[in-house]
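J.: Got a structure here, written out as structure tokens. Questions coming.
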Amino acid sequence: MTHSSRQSEPDGVAQFGYTESLERSTGRFASFAVAFAFVSIATGIFTTYGSVLGSSGPMGIWTWPIVIVGQLAVALLLGALAARIPVTGYAYQWVSRLANPILGWITGWISFTFLAIVVVAVDYTVASTVVPALFDFEGTAATAFLITAGVLLLQALLVGLSMKWTERVNNFAVTAELIGMVALVVLLFIVGVAAHKLSADNLFSTGAVPAEGYWSFGTATAAGPWMLAFLLGAFTIVGFESAANLAEETKRPEIVVPRAMWQAVLASGVLGFLFLLVVTAAVDDPVALAESGTPIADVIRDILGSFVGTALLVLVAIAIFACGLVILLSGVRLVWAMSRDQRFPGWQALNKVNARTKTPLNATIALTTISAVILGIFSTSTDALFKLFGAATLLPAVIYAITVVLYIATRRKLPPSAGFNLGRWEVPIMAVAVIWLVFALSLFRDASFRDPWLYVLVMVAIGACYLGYLLVTRGKDGLRMPDMHSIDAELDSQGSR
């Protein structure tokens, strides 16, 4: 029996040393919807467009296509990996099996750190900007905390009590986001042209940013103005690999998951760029707009009126809710996967799948509580909480870099996959991915990322303490992955044919 056909069977996780314990019901669109919702162009663009106008001017949007090419290369490589190791826990599982369980644990902890903070950062956007703009009131730290906590609780109830309803809500939200974004692009273009409100000159304007030194790469502690604009795409086009974190719940994951990942990046990239082009062309005063807390909504209202502007805010609220929902879902699966291997704090309680809900209910409660604590710590300062967005941009780049380097180093040792194969395109795709990730990581030398780096170091230090405890109490062999010999055995069997 071939490797790929075994993966397609309901007990496919047995080859990785596990027993099937989650319901395998996620189909093609639901898998795509998970990846697309995490990326969420409506969330990313709505959140970061104003800061890009301030740091780089309207011309900063031209960094977007470059980010898409780079992240698409990463998605293709991770898809090739997901097809070969379709197990819940994604980067944690991949790195553990490609390198060693210690590096795998570190990667898993970094991934957990990312997911625990980004769900707070995303949900806080609804509370701090969308809801006040929608209901026309002045938001405070207290109201933002209460709204964020309420949104987080509702997401936790869905994730913890029903995977079926979580998928239904997410599928609806993604469908609404796709239709809504396409409709906005078309309406903005048609009405903008008819009313003579679109200006191609905007697309090549630096706004309030001085032209001198605009293209500079920057210094040792500061990225240049245009370089900072890459953060628009780097913050938005992440999380596509979340589809791989549901591998054990997905039908034929070796085929469905890689396709969901690259399609989510491509769809988000094309649709997002069209939206950025038409919105930027419609800007009346880029310098004044950069000061607004809701610049995208302001442009929509100016061109299409208050009704459509309000509809946009509703669409963004739906998209952000779905984004946070999928982030929490992915984080819960990671905590559960690490607990199943007895290497997450409190694993004795967190490795269980509830018999009634068929979900990792304890892991859901734990991650929600951790995120709520993070919210409580940071919520007294809006500026401090928005620093989390910096960490939410930095951490995925680190995770992608670790995983891509290991894939490149070990790809010839991996068993072939009938589900997804890059063929002769693999080498050029690897080259693009490496160049992009090196460049992306270089952006985080900017002094504005000092606090995010400190946050990352604190979380890594906490993780290092627990990892040290595991190594002392169990020894290195106590961290071996279940059935680590399975890939080697598969290779041996192929070699003997």
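J.: Looking only at the range 279-286, decide whether some residue is part of a helix (DSSP H, G or I) and surrounded by fewer than 23 Cβ atoms within 10 Å (Cβ to Cβ).
T.: Yes, the range 279-286 has at least one match.
J.: Going through PHE114, PHE137 one at a time, which residue ends up being in a helix (DSSP H, G or I) and either touching a residue at least 24 places away in the same chain (Cβ under 8 Å) or farther than 17 Å from GLY463 by Cα (or both)?
T.: That would be PHE114, the only listed residue that is in a helix (DSSP H, G or I) and either touching a residue at least 24 places away in the same chain (Cβ under 8 Å) or farther than 17 Å from GLY463 by Cα (or both).
J.: So which pairs qualify, if the first residue must be in the range 170-198 and β-branched (Val, Ile, Thr), the second must be surrounded by 17 or more Cβ atoms within 10 Å (Cβ to Cβ) and modelled with pLDDT under 95, the Cβ gap must be under 7 Å, and the two must be at least 6 apart or on different chains?
T.: Between residues of the range 170-198 that are β-branched (Val, Ile, Thr) and residues that are surrounded by 17 or more Cβ atoms within 10 Å (Cβ to Cβ) and modelled with pLDDT under 95, the close pairs are VAL191/ILE303; VAL191/LEU304.
J.: Considering only residues that are in a helix (DSSP H, G or I) and either at pLDDT 90 or above or under 25 Å from THR359 (Cα atoms) (or both), which ones fall in the range 82-97?
T.: Listed by number, the residues that qualify are ALA82, ALA83, ARG84, TYR90, ALA91, TYR92, GLN93, TRP94, VAL95, SER96.
J.: Which of the numbered conditions does VAL74 fail, given that it passes all the others? Conditions: (1) more than 14 Å from VAL405 (Cα to Cα); (2) of a type in the set (Val, Ile, Thr); (3) part of a helix (DSSP H, G or I).
T.: (1)
J.: Turning to a different aspect of this structure: Would a scan of the range 341-355 turn up a residue that is among the small types (Gly, Ala, Ser), at negative phi and crowded, with 19+ Cβ neighbours inside 10 Å?
T.: For the range 341-355, residues among the small types (Gly, Ala, Ser), at negative phi and crowded, with 19+ Cβ neighbours inside 10 Å: absent.
J.: Right, next: What number of residues in the range 187-200 are in contact with a helix residue (DSSP H, G or I) (Cβ under 9 Å, 6 or more places away or on another chain), open to solvent by 30 Å² or more (accessible area, probe 1.4 Å) and not aromatic (Phe, Trp, Tyr)?
T.: 7
J.: Only one of these is surrounded by fewer than 17 Cβ atoms within 10 Å (Cβ to Cβ) and either part of a helix (DSSP H, G or I) or within 29 Å of the chain's Cα centre (by Cα) (or both): TRP215, TRP226. Name it.
T.: TRP215
J.: Do we have ILE435 as over 23 Å from VAL257 (Cβ atoms) and open to solvent by 20 Å² or more (accessible area, probe 1.4 Å) here?
T.: For ILE435, the condition - over 23 Å from VAL257 (Cβ atoms) and open to solvent by 20 Å² or more (accessible area, probe 1.4 Å) - is met.
To keep it simple, each residue is scored yes or no on (1) under 20 Å from the mean Cα position of the chain (by Cα); (2) at pLDDT 90 or above.
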residue	(1), (2)
TRP425	no, yes
MET430	no, yes
VAL438	yes, yes
ASP446	no, no
TRP453	yes, no
VAL458	no, no
CYS465	no, yes
LEU470	no, no
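The values are calculated or read from the model by the stated rules, or taken from the named source; none is laboratory data. As the structure is a prediction and not an experimental result, all values here were calculated from the model. Neighbour counts are summed over all protein chains in view; Cβ atoms, including those assigned to glycine, are modelled from backbone coordinates with ideal geometry. Areas reflect the complete protein model, heavy atoms only, side chains present, ligands, DNA and RNA absent. Shrake-Rupley method; radii C 1.70, N 1.55, O 1.52, S 1.80 Å.
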